[in-house]
Each structure stands twice: as structure tokens, then as C-alpha cells.
1. Within region 474-496, count every residue that is modelled with pLDDT under 85 and out of contact with any Ser or Thr (no Cβ under 7 Å at 6 or more places or on another chain).
2. When residues of region 385-406 are filtered for being more than 12 Å from PHE368 (Cα to Cα) and assigned to a loop (DSSP other than H, G, I, E, B), how many remain?
3. Would you mention how many residues in region 1026-1051 are surrounded by 14 or more Cβ atoms within 10 Å (Cβ to Cβ) and of a type in the set (Gly, Ala, Ser)?
4. Only residues that are touching a residue at least 12 places away in the same chain (Cβ under 8 Å) and either within 10 Å of LYS614 (Cα to Cα) or not in a helix (DSSP H, G or I) (or both): list them for region 527-549, please.
5. List the helices (runs of 4 or more DSSP H) that sit entirely inside region 193-291 and contain at least 2 residues that are among the small types (Gly, Ala, Ser).
6. Is it the case that HIS940 is touching a residue at least 40 places away in the same chain (Cβ under 8 Å), outside any helix (DSSP H, G or I) and either farther than 26 Å from MET1073 by Cβ or outside the structural domain of GLU1024 (by TED's automatic domain parsing) (or both)?
7. Taking region 474-489, which residues are within 13 Å of HIS619 (Cα to Cα) and either assigned to a loop (DSSP other than H, G, I, E, B) or not assigned by TED's automatic domain parsing to the domain that holds CYS531 (or both)?
Amino acid sequence: MRKSTSKRGNGGGGKTKKKKSSNSPSRSSSAKKLDKDLKFHSLSILVLIVAAILALGSRHGGDGMHDITEHVDDEGSKVQRFLTWIIDNGGTISPQVTLNVFPEYGGYGLMSLSRAPLDNSFNKSTLSLQEEEKDNQLDSDAKSFAIIQHLDEMFTIPPTIITSVESVLVKYSSVIPDIRQRLERSVRPNFPSTLEQQDVIIALSLMAECALGQQSNFKPYLEVLPMDVVSRLDTFDEDELVELQDEYLSSLARESKRKMKVAWEGSGGGGYGLKELAKLMANHAASSFVEKIHLKQTCLTYDSFHKYTSIVSSRAMVLHGTKYLTPLADMLNYAPQQQSSKKKNDDPCQIKSLSSFSSFSPPPVQSFTLYHERNNGSSNAVGSITVRSDRDVFKGGEQIFEDYGNVDNSLFLEAHGFVPYENPSHCAVITPEPSMLPNMMQGDDFEKKESVMRYLNILPPSTTTDGTSQQHDIPIICVKPDGSISEELAASYLIISNIWNQKHGGNKEQQQKRCLDAVKRNDKQLATIQCLRHDGWRGALHDTVQQSACHTLKMATTSLEFDLKLVDILHGKEKQKSTENMEEHGEAIVTESNVKRLNTTRGMIALRFRIAEKKILAHLCEGTTMADDLCSANEMKTDRDIVDNKANRYNDEDNHDHEHRGSEAIDDSREIALEEFRAYIRSMNLPVNKVEPKYIGNGLRLGVVATENMTKDNIYLSIPDSRTINVDTIFRLVSETNEDSMNSTHLKALLEKYRLSGGGKNDGGFQIMLLYLLHERFVAKEKSQWWPYLKIIPTVEEVKNKSPLFFDEEKIDYLEGSAVKMRLVQYRETAQNRFAHFSTDYDTLLALGSEIALDWDKFLWAYSILDSRSIWWDGKRNLVPLLDLVNCMEVYEEDEDNKLVPNVIHSTTVDKNGENAVTKISHTVKVGDQVFENYGQPNHIYFLYHGFLLERNTHDCALWDDIRIKQDDAAAAFNERQSTMQRLGQNGFSSFEPSFCIKDILSLHRVADFLRIKNSISNEDKLEGLGSDVNDYIRDMLQKTLYRYDQIISVRGERSEKERHEGNEMTYAEQTMLKLLHNERAHFQRALDELNQECYISED
């Protein structure tokens, strides 16, 4: 199945229509408890529902005003009872939010209400005036007229009416003591997915409430739920499954039907059928009433079970792996979120390169959990759920939508019962050409290709742990509208298949040989380079995707043209032509049986699904992406289906101006900004300052030069702790500020939360400083007391061009084969995880504003600034104006023995009074000379965190992560594990996967100590370091590593030469990474040479 994660169900019942009823239940007496605002709110609701139902009656022809009036009264009463029920149970609803009928969405949806009071009378002129007011609002500055703004709280639902597995167990465990065990035996065997299990258990609870009828506390909620089963995948009959044109989804549907029926009836073997459990729960629910309850048996049937399971799967939200069926929240219908804060270069309408995939792409800037918060009791009841708007809403009477997250159409169909008209997260499945499939290859080619794929873990091992053989399974290859492949394994499958596909690309024997040689050498890093990242792999992948997309379209049962013609006929835009006429002109033939099968709710869903697939495939086949389609109306939309995007147009214009102004741009010239910074430093009256900032050039940007002659160990800078940015300074400044701005108030509250939770103690203040740095640079700006300093440090664009945190996958490919690449991957993943937490913390968004808090580039800028410029003392990090401008270099001077030695490693300490941070110069300088500091780090650290390398670096070494205790090593055996852990600890190792930094023979001693443990070599004589028992092993590993580096450098050299011939010079980043590879190779070579020169003999 195409992998995606659903964060919630379809909040409008999918496409399930509401049934009419002539009954008009009286208004609940509890409504009288509402205050005047709520009464006014309810009246507004009724006015707008009347308008919606009138439109519904007019659109469908109606049966006369009498029937329409009855329907209006019924729907209006249901909505009023439902909203009153929420309020009576302790919920809160914004005055700008209500529930309404949206026929085109098949049921209810949330609707915005104008902030201006509505007149109590209702007539056509009232609606006309309201519509005129809405249009006038949009013709003004739209942002200021937003009725509901992004992140506004829309409602909070109390825990007493939210249903989860835990609430069901709490409710029934006192009357059915073994209910947990019963559910375990009945549910888990048939539903392996924990989300499916939760759907079933919550559905059983709804069935019990349904059976109680009028006595159920949930009756007002049950009234507004769909009357019929949601049209999800397992409701499709065989004809409708055929119309999907997706065999995998069809088999999934059949399996889901089978599981549902087996679970309902019971599968034997000591398990319970859900039929009996549903009746048991309903009977116990009825027993809590004094008077006898006659259960509604229609609520305890399989059809009812299927209905409520489909309702829960399509409506319950998922928060941290737990499903919560949350009334009102489940009424929000889906529409993709318009990222108003995106920059021009993030425009979804810009065409991306085909077939890209990368673990380094920015994470989603917004999360479902940001807009759906389960409260901990600080301001709302424990367990209540607050829902916030994920977009601006500008017009009264407009439906309020939300984005369900990164959900593929197949999951929308499987769990939610609908297919969106527009879904940027959808991907289309492509089938490789026959020449690339295993059964179309010659035996030897197939075995070679398969062996490579299994070695690189693209395919599972050929046999299971018990020796059973496994079939060669082709990964599902799904391509998104922007041309990217959703799963890296699938892309890897295509890349390797292309090497053995002789149909396209000519003779590939050389690349096959390189790939197989790497596998034979048992070097996965080299195999990755030669099999997956070889020269030209991107173009090959692009071609393979394009060819496969064309092949998939060609093999489809119907063409895209045929399907679109069906849509026009079904919508009445085109009349059906005679079959003979169409055959004469070679047109797509649409028969009456085609139209009949698809002219149903599920038929239309199937048609929409396959069109979405084919549109992506068609663009891929043409060599383009879906960008054009994502930026234009879908052919299937009607006027009612298209969400008004005028508001988004205003947002885009506002963002355009924002970008034009350039929030990170500095208007003053560099020299003026530098002079302002000098004046800022002078105003500090520092105890000692013998340096000044200066533009250096030659790629160094700013630096620091001496203002007087100094010799080694002279103090050149002493700066009060209060003049640096650190945790203590931040707390003090924020507490002292008298600003009454909303951002300042929220910043104080957030920092206080961090302080009370002990934030900043474990990471030197990183999280607090990152938050504060973003606030001062992009929110406070000129008002910040640090502004002269913030103006002269690197801008977002400057950091993007230099920091490896911003490197795209193509750049990072230069490091393939080096352990530094994995360090960079881990560094980036750490940043992504921090951003995921940062951008989903509501308090952070209040303090910074969503445009700053959700901006990935600005977050990485602050992240990089802190990692590259922080200076440590007393266990905390500091940003130190002026001192952090000192550049890094090893300066060599003669020592007492007349030997050239590098300057000592930088150190800043606090003076005796604990007031000033003092720094001494590490080398002799004259007036005007640049001052340097020796950071004392290897080049891979300089590269990762600063983006540069030192030509001369006595601290440099090559990372070596190849040596680890693997699962099949003797030391990892179960009976040896305790002994292994003990030996590791005795030798100073804390992991099965230590890292080593190699530069010479001395750095191999630790490797030798670890290898004795890894290989379970007895060490009764307590040997330390190199010895005859491990040297040959180390020598072989070094030779293997050097061979890999030779291959890497050769490939990189070939690529550079090719690009040079094409007129493309290597970028600074590429040059830096290639130099890093050369340096690492030199370190490994030196270690091997010195090892070969040593003579280790046995003890005798």
C-alpha cells in the first residue's frame, strides 16, 4: 500500500447523503441555560441553515415548500440540539463557528459566521446585503477582515463526550470485568493494525449508545452522524472495484470485508464474536437506568457494526497514535492547506525535477497536532481537545476546511470514503516496463540484479530465518505530482534495474561490473556509490520513471481522455454520442453501461481516483510534472466544489511584498552597518578591548584585527557576562522589559515555562537561545538591543550558501562513502526533530508568530548560528559580540627549541570576580594584523558546523565508522552479550558502534582494543593496542577503505572533468567536500604505511 499517515477521518461523512425526516423534535430544555450570545448564535445558525436547505431544495428540484420547511426545521433542530449538548457538557465554541449543511460535501460541515451582528429578521434582501458585505470585505485589505485567523481557537470539546479506547474501557470495566480480555481475543486476531483495533472498539461503544435510543446521552451527536455506511473501500461491490482499475486496492477491499465479517461472527478457537460483545455492552449500558430500556435491535446488527466502524475510521482524529472520536471536530471537511508563508522558491507551481527523493527535504512546516491539542489541564479540562484553524477564513457563510496531513488518495479511499478533488500528497503507482521485470530477464542477469538488491536491503533476504525461500517482490513505486518518488527503496529498485536494462541507454556492462565488484568486496558504502549513486544516476532514474509512466498509461484499461469524457457526460457537459459515430472518428467510446456503473456515489469516487492517477502519469510521460494542474482548477470540479481562493490571493500578494522588503535583508551598506557595530562595541566601555572588527575578504567575510601590538597570552578582550547572549542574560532582559506588545507577553510566558521546567540546563541553553535569537532577529528587529550585532552576522541567504545543514541531496552525494555523510545525516535529522517539536508548540507560535516559527530556513539559520558561533564557559553557551568574529586558523611560531608549533587552543574564562569573560591572544600580532583562534577540532567538525576546512590542521583525522559489533558476530550472541558489555566497559567503550578518528598508527591502538572484543579474541594477558592477533584484520580493513576512497575520488574527478568540459565549475561546497575526501584518504594511507613499517611478533 502507498504509505501515508492519516491524522483524522473525513469530517462530513464522506459522500454519504443525509436522509430527510418529517419529524421535528422540540428544542432541548437545556438550551434555556445558554446566555444571550449563544441564543443570538443559534438564531444565526438557523438563518444560514434555512438558506442552505432552500438552496438544496432548489438545486434538486424539491417536492414543494411544505417538504422543504419540514426538512429545514428538522436539520435546524438537530444542529441546535447538537451544539447545545456540547456547551451543556462544558465545551466552548467560537461565535465565528457553527455547523451547517453542505450538500456538495454530502452532509454537514463547519461554517464561519460574520463578526458583525446579523439582523434577527430573515428575508432575501438580508442575504443579499450579507453577500455584498462579504464581497466588499474581500476588496479591502483581506488580512484585517479575516473572520477566523490562522491558529484561532475554534472550539474545545470536553473529555466527557470524547470517545477513545481508554474511555470505553473505563466505562465498561466495572460492569464487564474481563472486557479488556474479551476485546483482545475478539479484535486483535482479525485487525492487526492498532488503528483498526481502535476503530472497532469505539464503534462497539457507538452501537451501544445507538441501541439506547432516546435515553443515550450521545443522542444529539448520533443524530448528526451519517445515516448510512460511509462509502469507504470495503463498501465497493465487484463492479465498482473494477472501475478503480487498481488490483491492489481491490484485493485490500475484499480482505477488509472478509475480516469484518469474520470478526463479527467470531472465528472460533476460544475467541468471542463481536456480535455477542456488542449485545453484552448494550445490555450493560441499559442496566444503568432505573426504568427498563428496550434496546433498538437494528443498532446491533452487522450492518450497524459496519456503519459505525466506517464512521469512526473516517472521523476519529489521531493524536500520538491514539484515536479520539471528537464531536464537532469530526465535521471539518478536507481541503489542502494553502501555505501562505511559503517563499517564492517554495511555490508549488514551480516545476521540480522529476524522480527526486531525499531524506534531506525540509519537514512539513505544519503539523496536525499544532491544530488539535489534547489539554493537560493548565487552561482547559484534562483530556479536553482544542481545535484551531489551520488557515485564514475571510467570509461569513464560508465553509471552514482543514488539511488532514500527508495522506495519499488510496488511504482517503480506504479509511475515509472519499477522494479529494485536489491532493498534493497523492502519488500514482507506476509499473516498470517488462524488460525491467525479473521474469523478463535472462537467468544470470536476474540473479546478479537480485543479489545486488538483497545486499543493499532493497529486497528482503532470499530466505527467512527458518530457511523458507522468499519470492522476489517488486516494491510499490509511487510517484508524487511534483515528480518525486515517495519511497527511497522504490527509487533504488528503479536505479539498479536500469543498470541491467539493455533496452534503454546502450551498453552498461562497465557500470554493472563496478556495482558487482563493490558487492563482491562486501563494502556497502562502495556498493551504494557504484550501484545507486554512479555518474548519471539521476538522468537514468528520470528516464526510467518516464518510460514506466508511459508503459503504465498504455496498459491501463481506459485512457485519460476516455475518463474525462465520462466526467463531462456524467456532469451533463457533453451528450453521449452514438458508438458508430465515435468509432468512425477514432474517439473514446463511452457506452451506456459505462455511464450506468459510474453514475453512483462510489462509481464517481472510483472515477475520480483513477483520473488523479492518470493525470500524474500523463505529465510524467510527457516529461513534466503536475505543477500546472495543482495550480489550476481540476476538470471534475463544479462551481460549488471550488473553494473560494480570493483570500489566498491576498495572502500571496502580502507575502510577495514581504519578500520584496526582505525580512533578512540589511538596507544599510556593509560599511555603515560595520561602523554602527563599532560604535555599539565602544558604547559598552569594555574593561579590555584591543581589537576591532573589519571586513577581511577572500571568503572570510568579517574578521578581527589588533589595535595595538600584542604578544602571546596578552588579554585582548574582556567582556561582561551581561553583554553576551546566554540563558541568564535572556531571562533577565525579558523579565525587565516594559513592552506591552503581545509578542513580548507571550515570549515572557514561554520563557517562564522553560525556566520552571529546568529548560536550558542540559543543552547549554540551546533551545532557549534559539527561540530568543529568532525573536530578536525577525520579530523585534530594530527594537532589539542586539540589533547592531544581529545586522553584521551572516544573513539567512549567506548561511544557506555555506552551511551543510542546507545542502541538498545532490551536494551531499559528494560525501558518499565517507563517514562524514552519515554524521551530516544525523545532524540534519536532529535539526528536523527539534523543528518538529518547535513548530508544533502553540506557545512558541504565539511568541514568534507563525510566519517565523514555521519557517524552516529561518529555523536552520538560527540553528547554524548557534552551532557555529557559540563560545562556551561555565557549562553554558554564549553568543559574544566581537569575539565570535575572530576567524579560525593555526598560526605557527617557534617555541623554546626553535621548532614551529601551532598556537594553543582557544579558551575563554571568567575572571576572579565572576563578572567578565576574558580571552588571551594565542600568537604575536602587530597593529592591523588579523587575530586568529585555534578551535582545536578536526576538519570534519569544521565542515559540519562551520562549512570550511583548514589547510594546516594538526588536529585533523579521518572518521572511521566501519567497525562495529554486528548481529552475526560471536560477541553479539545471546550467551556472550553480558561478557561483551563488561569487556566494552572495561576498555572505555559505551557502544557496539564506536567511532574512531584515524590519522596515524597511534590512532589504531583503540581500534585494536575494540576488535579483540568484536571478534571474541581471548585477552588473558591483557594486551593493549596493536598486536599480531589483530594487525592483519586492521590492515585488510584499511586497504578496503583506501580502495573505496580511490573509487569515490575517481568518480568525483570524472564528474568534475565532465562538468568542466560543459562549462560548469565546481561550487565552493563541492570543492570543500572533495578536499575533505582527499584529506581523509591521506590519513588512512599514512596509518596503513606506518602499520606496515612496524614489526609485531608473537610473545615468544
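The values are calculated or read from the model by the stated rules, or taken from the named source; none is laboratory data. This is a predicted model, so every value here is computed, not measured. Every residue, glycine among them, receives a Cβ derived from its backbone with ideal geometry; neighbour counts consider all protein chains shown.
1. Summing the residues that are modelled with pLDDT under 85 and out of contact with any Ser or Thr (no Cβ under 7 Å at 6 or more places or on another chain) in region 474-496 gives 3.
2. 7
3. The qualifying residues number 1.
4. Step one: filter region 527-549 for residues touching a residue at least 12 places away in the same chain (Cβ under 8 Å), giving 527-535, 537-538, 540-549.
If the condition is that a residue be touching a residue at least 12 places away in the same chain (Cβ under 8 Å) and either within 10 Å of LYS614 (Cα to Cα) or not in a helix (DSSP H, G or I) (or both), then ARG533, HIS534, ASP535, ALA549 are the ones that fit.
5. 194-212, 247-265, 274-287
6. no
7. Within region 474-489, the subset within 13 Å of HIS619 (Cα to Cα) is 479-484.
Hits for region 474-489 are LYS480, PRO481, ASP482, GLY483, SER484.
One line per residue, one yes/no per condition, for (1) crowded, with 20+ Cβ neighbours inside 10 Å; (2) β-branched (Val, Ile, Thr):
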| site | (1), (2) |
| --- | --- |
| LEU860 | yes, no |
| LEU882 | yes, no |
| ASP897 | no, no |
| THR924 | no, yes |
| GLY928 | no, no |
